[in-house]
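One structure below.
The values are calculated or read from the model by the stated rules, or taken from the named source; none is laboratory data. Being a predicted model, the structure only gives us computed values, none of them experimental. We place every Cβ from the backbone using ideal geometry, glycine too, and count neighbours over all the protein chains shown. Accessible surface is based on the protein model in full, side chains and every heavy atom, while ligands, DNA and RNA are left aside. Shrake-Rupley method; radii C 1.70, N 1.55, O 1.52, S 1.80 Å.
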Amino acid sequence: MRTNNYETEIGYLSINHVGEELCGDNVSIISPDDSTKVVVLADGLGSGVKANILSTLTAELLSTMIANNIPIEDCVHSVLETLPVCKVRGVAYSTFTIVKVKDNAMMDIYNYDNPTPFMIREGKIHQIYYDKLLIEGKTIYHASMPVRLSDTVVLMSDGVKYAGVGETLNFGWDLPEIQSFMEALYQPSYSAKSMATVLIDHCNQLYNLRPGDDTTAVIVRIREREQVNLLIGPATNKIDDEKMLSLFFSKAGKHIVSGGTTSSIAAKYLHQ
């Protein structure tokens, strides 16, 4: 049964390879219905325009197909058939990580050649058990598991893992070090976007602000739903302003008032 008072929150941030205008990583998020969310992080071969094309095609194809319940075998086959072949390297290549959350309660992860996704549960690293799938000659790691409130899953391109190579670190930082960093960072009140931003900012510092690779972090987090009320204009008839504002401010949750005229009316009503 769907957990109606929960929400699957997804936040991400990318930085480009130094000197490149386009990012070689791409993130696609699809909600095919109210009970399902799909996110795909794809990392195209190399950097710049070619990498951007590869990752965009991969992310869009996989997210659309997974959202429509196409088997992973068919998804991988379609990606391999669709990607343009690099004339220099002679291969069509993009790594990917797929996360599908159903009913805010069940999660499926498919990972191909990206750093292994990991979970933080109750502030500590929680082990995810992966099975190996061999599809079209590619080894894909798959996990299926129940998730609960505040579970936080971290996805990343290899730009995160190799941050600092040749700059502040000899060999980058390995997965246990990234896990320890995120474990120390974790706060239940932090948004998914905030956690992704802090991780990417730290990677940028390790790169001495000269990223040697496209670098992306995606955070998938189960949180409680929050009610927000938004007021975007005054009543059609001025005489209804008092009644409208009384109804608006009586509702539970946060209140956002947008617009100069509307703000003035709200300020008068609140005497603030």
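Only helices (runs of 4 or more DSSP H) wholly contained in segment 157-218 count here; list those with 1 or more residues that are of a type in the set (A, V, I, L, M), closer than 17 Å to L13 by Cα and open to solvent by 40 Å² or more (accessible area, probe 1.4 Å).
Correct list: 192-206.
What is the residue count in segment 25-57 for residues that are closer than 26 Å to I222 by Cβ, open to solvent by less than 40 Å² (accessible area, probe 1.4 Å) and more than 16 Å from the chain's Cα centre (by Cα)?
Kept after step one, since they are closer than 26 Å to I222 by Cβ, are these residues of segment 25-57: 25-43.
In the following step, the residues that additionally are open to solvent by less than 40 Å² (accessible area, probe 1.4 Å) were identified as 25-28, 35-36, 38-43.
If we keep only those that are more than 16 Å from the chain's Cα centre (by Cα) as well, we get 35.
The number of residues fulfilling the criteria is 1.
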* Structure fact -> Over segment 6-21, the set of residues closer than 21 Å to G46 by Cβ and of a type in the set (D, E) is E20, E21
* Asked: Do you know which residues across segment 58-76 are in contact with a Lys or Arg (Cβ under 9 Å, 6 or more places away or on another chain), under 22 Å from S35 (Cβ atoms) and either of a type in the set (V, I, T) or surrounded by fewer than 16 Cβ atoms within 10 Å (Cβ to Cβ) (or both)?
  -> I66
* open to solvent by 40 Å² or more (accessible area, probe 1.4 Å) and either in contact (Cβ under 8 Å) with a residue 24 or more places away in the chain or β-branched (V, I, T) (or both): does that describe L22? -> yes
* Asked: Mind checking which pairs have a first residue in segment 252-272 that is in contact (Cβ under 8 Å) with a residue 24 or more places away in the chain and part of a loop (DSSP other than H, G, I, E, B) and a second that is open to solvent by less than 60 Å² (accessible area, probe 1.4 Å) and of a type outside the set (S, T, Y), Cβ under 7 Å, 6 or more apart or different chains?
  -> G253/N229; S258/L231; G259/G233
